[in-house]
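Only the coordinates and a few stated rules stand behind these numbers; no lab work does. Since we're looking at a predicted model, the values are computed, not measured. Positions of Cβ are generated from backbone atoms using ideal geometry, with glycine treated the same way; all protein chains shown enter the neighbour counts.
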Amino acid sequence: MSKLTFLYQMDLPHRAVAVYTYLYDRADKNGECWPSVKTIAGDIKLSPATVRRAIKDLKKSGLIETEQRYREKGGKSSLLYKLTRY
C-alpha cells in the first residue's frame with residue numbers, strides 16, 4: 001500500500017493533492033522543504049494563485065504547517081513547509 005493512500009482517501013481538491021505530492025517528493029528526512037510558490041507552480045503546471053489556495057487547503061486539513069523564512073538582511077524568503085504526516 002502506498003504511503004500516500006491516506007491522501008487519496010481525504011476529501012481534498014485535486015490542486016491540494018498535487019501540491020502535497022510535490023512537497024512530499026521534495027521533503028527531507030524531517031518532512032521539510034522550502035520551494036517557492038513560483039517554483040511549485042511552474043513544476044506542476046498550476047498558477048501561483050492555485051498553489052496558494054492549495055496550501056491553504058492543506059493547512060486547513062492539518063497536513064502541513066508553514067513558517068516564513070527570512071534572508072540575512074531581513075527580507076522575506078520562501079516558506080518552510082513542514083509535512084505533519086511524513
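Listed values (1) 45, 28, 22; (2) 54, 26, 20; (3) 34, 24, 21 include one computed from this model; for Cα extents along the principal axes in Å that value carries the label (1).
If contacts are Cα pairs under 8 angstrom and at least 6 residues apart, what is the relative contact order of the chain in percent?
Working: 101 pairs, mean separation 26.8, N = 86.
Relative contact order here is 31 percent.
Highest average first, the peptides 58-65, 22-29 ordered by how many other beta carbon atoms sit within 10 Å of their residues are 58-65, 22-29.
Just to confirm a number: summing +1 for Lys and Arg and -1 for Asp and Glu over residues other than Val51 whose beta-carbon lies under 11 angstrom from that of Val51, what do you get?
Details: positive: Arg15, Lys38, Lys45, Arg52, Arg53, Lys56; negative: Asp43, Asp57.
Net charge in that neighbourhood comes out at +4.
A dipole drawn for segment 1-57 from +1 and -1 charges on Cβ atoms has a positive end, and of Ala49, Leu7, Thr39 the residue lying farthest that way is Ala49.
Would you calculate a helix-derived [θ] at 222 nm for the chain, using -39,500 (n - 2.57) for each DSSP H run of n ≥ 4 and dividing by the full residue count, to the nearest 500?
On the way: 4 runs with 40 residues, N = 86.
About -13500 deg cm²/dmol.
Count charges around Leu12 for me, please; just the other residues with Cβ under 14 Å from its Cβ, Lys/Arg as +1, Asp/Glu as -1.
Summing Lys and Arg as +1 and Asp and Glu as -1 gives +4.
For a straight C-alpha distance cut-off of 29 angstrom, the lysines reachable from Lys76 (same-chain residues fewer than eight places away being disregarded) are Lys29, Lys38, Lys45, Lys56, Lys59, Lys60.
The separation of segment 20-48 from segment 51-80, counted between C-alpha centres, amounts to 11 Å.
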